[in-house]
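Only one structure is covered here, and it is reproduced in the block below.
The values are calculated or read from the model by the stated rules, or taken from the named source; none is laboratory data. Just so you know, these numbers come straight off a predicted model, no measurement behind them. Because the Cβ atoms are built from the backbone with ideal geometry, glycine has one as well, and the counts that use them run over all protein chains shown. Surface accessibility is based on the protein's heavy atoms, side chains included, excluding ligands, DNA and RNA. Shrake-Rupley method; radii C 1.70, N 1.55, O 1.52, S 1.80 Å.
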Amino acid sequence: MKRVAILGSTGSIGTQTLDVVRANPGALEVVALAARSSADELDAQAAEFRVAKTALFDKDGMAALLDIATDPEVDVVVVSVSGMIGLEPTLAALDAGKAVALASKEVLVAGGEIVMPKASVETLRPIDSEHSAVLQCLQGEKIGQVERIILTASGGPFRGWDRGMLENATLEQALAHPTWHMGGKITIDSATLMNKGLELIEATWLFGVAPDMVDIVVHPQSIIHSMVKFRDGSVLGQMGQPNMKLPIQYALLGPERVPSPAPQWNPADSPNLELLPLDESTFSLPGVAREAMRLGGLTPTYMNAVNEEAANAFLRGEIGFMDITRACERSLGLPIKGDVTLESILACDAEARANWKTLATPGNV
């Protein structure tokens, strides 16, 4: 029986994790829950799963998350909080000998250099469907025989648009994702395709490959979750419905295969699966993320914070859609120096959040 703590239990990943627990009562037990601010929903979850330890981190702060992440009664910590807030609990959980099931992209994008030395394949398990797919394709394989990691992208709601059209994209259009149902910020990342850039950075850390070994292809049906190409030319892919319950379950119980609450996929249901090149001239942010990773150091941290602030500002109606891309592109031109430590990551993150708007403003340098 694995004892599970969920940080971000009222969000999309958190609630689906609880569905996975419901489907596996003999294998998984929830022992701690944390949410940002949804007190009533958190109380209802705690009552259903008979959980004594809960926290609202908007109210109780980081100390409450760290307490849950290091609790002796916890075996695995699901980190599904949005933004940089997941970094310190992830580090604390790994230091305490816990396994981490990671859904928060920002943890590795901003902090991969200090997280990965504490982690292993057994202790850090990706929940992202793309990285779960790669992990599944690599079971029994040698990473040294991998030629390419191929991440798939749905293309988002603006597939086929050009940059001029995107200048007038509305919030309603950006939130109308064709295949996935997610929270606001990640849906905007999917519309700009920054989500693929963040996943590219994650993949380099998780699988120990160079950023140039990670490709992105557009797959509108979202059935093939990612692929791995080996030196002999063989390509393995993992397929299934666009639903997060299977990768969540694999992060918690894999490589053991047990019945999943995820909807089942029949190949005959998808007779026309497309794989298309990414339009990098229109959607530049995957390339921006690749370059940030090449530059290394604190550059990905700064870019990530700029993107998060800009995406949330767009959600609030304060900036235009392409201002997000503009801000991230310009972040690469800044002299961002310093050793990578927890303290420098947090300071760099704060600096980027203080200055992001200048980068997003048309005409500014």
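A few remarks follow.
- Of all the listed residues (W205, W180), the sole one being closer than 30 Å to R257 by Cβ, in contact with a helix residue (DSSP H, G or I) (Cβ under 6 Å, 6 or more places away or on another chain), surrounded by 16 or more Cβ atoms within 10 Å (Cβ to Cβ) and of a type in the set (F, W, Y) is W205.
- Where helices (runs of 4 or more DSSP H) fall wholly inside segment 150-204, the ranges with 2 or more residues that are in contact with a Ser or Thr (Cβ under 9 Å, 6 or more places away or on another chain) and within 16 Å of V217 (Cα to Cα) are 184-192.
- When the strands (runs of 3 or more DSSP E) confined to segment 19-81 are screened for residues that are under 15 Å from A93 (Cα atoms), those reaching at least 1 such residues are found at 28-35, 76-79.
- Residue check, A313 of a type outside the set (D, E), under 28 Å from L166 (Cα atoms) and out of contact with any helix residue (DSSP H, G or I) (no Cβ under 7 Å at 6 or more places or on another chain): yes
- Residue in segment 59-77 that is touching a Phe, Trp or Tyr at 6+ places or on another chain (Cβ under 8 Å) and either on the phi < 0 side of the Ramachandran plot or loosely packed, with under 15 Cβ neighbours inside 10 Å (or both) present: yes
- Residue that is farthest from the chain's Cα centre (by Cα) [pool: residues in segment 229-270 that are open to solvent by less than 40 Å² (accessible area, probe 1.4 Å) and among the hydrophobic types (A, V, I, L, M, F, W, C)]: F230
- Some residue of segment 333-341 being surrounded by 13 or more Cβ atoms within 10 Å (Cβ to Cβ), in a helix (DSSP H, G or I) and among the aliphatic types (A, V, I, L, M): no
- Members of segment 136-148 that are in contact (Cβ under 8 Å) with a residue 60 or more places away in the chain and open to solvent by 20 Å² or more (accessible area, probe 1.4 Å): Q136, L138, Q139, E141, I143, Q145, E147, R148
- Within segment 315-328, restricting attention to residues that are within 20 Å of the chain's Cα centre (by Cα) and farther than 12 Å from K357 by Cβ, the residue that is most open to solvent (accessible area, probe 1.4 Å) is L315.
Yes/no matrix, rows are residues, columns are (1) open to solvent by 50 Å² or more (accessible area, probe 1.4 Å); (2) more than 19 Å from the chain's Cα centre (by Cα):
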{"residue": "R22", "(1), (2)": "yes, yes"}
{"residue": "V30", "(1), (2)": "no, yes"}
{"residue": "F49", "(1), (2)": "no, yes"}
{"residue": "T90", "(1), (2)": "no, no"}
{"residue": "K98", "(1), (2)": "no, yes"}
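- Any hit, segment 186-202, residues being at pLDDT 95 or above and at positive phi: yes
- Checking each residue in segment 205-244 for being assigned to a strand (DSSP E or B) and closer than 25 Å to S284 by Cα picks out V214, D215, I216, V217, V218, I224, H225, S226, M227, V228, K229.
- In segment 32-42, the residues that are open to solvent by 30 Å² or more (accessible area, probe 1.4 Å) and either closer than 13 Å to D71 by Cα or at pLDDT below 95 (or both): R36, S37, S38, A39, D40
- Test: L298 is more than 24 Å from I186 (Cβ to Cβ) and surrounded by 12 or more Cβ atoms within 10 Å (Cβ to Cβ): no
- For segment 1-18, the candidate set comprises residues that are closer than 15 Å to P247 by Cα and in contact with a helix residue (DSSP H, G or I) (Cβ under 6 Å, 6 or more places away or on another chain); within that set, the residue that is most open to solvent (accessible area, probe 1.4 Å) is Q16.
- For segment 245-276, a residue qualifies if it is at pLDDT 95 or above and closer than 21 Å to V121 by Cβ, and the qualifying residues are L246, P247, I248, Q249, Y250, A251, L252, L253.
- Residues in segment 266-304 that are in contact (Cβ under 8 Å) with a residue 12 or more places away in the chain, small (G, A, S) and either touching an Asp or Glu at 6+ places or on another chain (Cβ under 6 Å) or part of a helix (DSSP H, G or I) (or both): 3 in all.
- Segment 208-220 residues that are under 17 Å from R159 (Cβ atoms) and modelled with pLDDT under 95, paired with ones that are open to solvent by less than 20 Å² (accessible area, probe 1.4 Å) and in a loop (DSSP other than H, G, I, E, B) (beta carbon under 8 Å, 6 or more apart): P220/S154; P220/G155
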